[in-house]
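First the structure, in the form of structure tokens, and then the observations on it.
The values are calculated or read from the model by the stated rules, or taken from the named source; none is laboratory data. Note that this is a predicted model, so its numbers are computed, not measured. Quick reminder, even Gly has a Cβ in these numbers, built from the backbone with ideal geometry, and neighbours come from all protein chains shown. When the accessible area is computed, the model is the full protein with side chains, heavy atoms only, and any ligands, DNA or RNA have been set aside. Shrake-Rupley method; radii C 1.70, N 1.55, O 1.52, S 1.80 Å.
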Amino acid sequence: RGELEPLEAEQAILELMARVIRRAHGSACAERRLGRRARDAHRDLADAARAELARSVASPVRLSSIAARLKVSPFHLCRVFREQTGSTLHEYRLDVRLRVALERLGESRANLSQLALDLGFSSHSHFTWALRRWMSVTPSAVRRLLSPFAPASRARASA
């Protein structure tokens, strides 16, 4: 499906390490009860991570650089983000990229390959694979569905 993104690779390695540690330590690593301050700090960290991901939606990002900007370890960031959002950083970022893609597909007739590259996908086929997996539809099908609602179509219809 194209190049493996650094964020996805780093996150997968940390998740594998977390599984190994949980298995080695059994229930001693079970979820601990967090106080209100810690819960608030975790929520704030997840919100800050969302903002960082939204800022760099189309450019490659590294887990280590996001964690450094947020002044936490990559492992802590991954764990807290999943705990707070129910998804990984990579899944969240992909979701944001695909939402932006939907907006752009409805707004213009830009070349789909260029749109894919502009949004940080490695190729048109990677973009198609991701959108099909997310919505069970291809980018060109989305464009066809959205074309009656595009601003240019409305302007032509009213003229």
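When Ala9 is tested against (1) surrounded by fewer than 15 Cβ atoms within 10 Å (Cβ to Cβ); (2) within 23 Å of Leu115 (Cβ to Cβ); (3) modelled with pLDDT under 90, exactly one condition is not met: (2). Residues satisfying the criterion are absent from region 97-104 (criterion: under 23 Å from Ala130 (Cβ atoms), in contact with an Asp or Glu (Cβ under 6 Å, 6 or more places away or on another chain) and not charged (D, E, K, R)).
Only one entry of Thr138, Thr128, Thr85 meets the criterion of being free of Cβ contacts under 8 Å to residues at least 40 places away in the same chain, under 30 Å from Arg22 (Cα atoms) and not small (Gly, Ala, Ser), and that entry is Thr85. Only residues that are in contact (Cβ under 8 Å) with a residue 60 or more places away in the chain, open to solvent by less than 70 Å² (accessible area, probe 1.4 Å) and assigned to a helix (DSSP H, G or I) were counted in region 42-80, giving 2. Check region 22-41 and report whether any residue there is at pLDDT 90 or above and surrounded by fewer than 17 Cβ atoms within 10 Å (Cβ to Cβ). Scanning region 22-41 turns up at least one residue that is at pLDDT 90 or above and surrounded by fewer than 17 Cβ atoms within 10 Å (Cβ to Cβ). Has region 141-155 got at least one residue that is open to solvent by 30 Å² or more (accessible area, probe 1.4 Å), among the polar types (S, T, N, Q), at pLDDT 90 or above and part of a helix (DSSP H, G or I)? Scanning region 141-155, I find no residue that is open to solvent by 30 Å² or more (accessible area, probe 1.4 Å), among the polar types (S, T, N, Q), at pLDDT 90 or above and part of a helix (DSSP H, G or I), so the answer is no. Among the residues making up region 95-131, those that are open to solvent by 30 Å² or more (accessible area, probe 1.4 Å) and within 22 Å of Ile13 (Cα to Cα) are Asp95, Ser122.
Would you check which residues across region 81-94 are closer than 14 Å to Glu5 by Cβ and open to solvent by 50 Å² or more (accessible area, probe 1.4 Å) and list them? Passing the criteria: Glu91, Tyr92.
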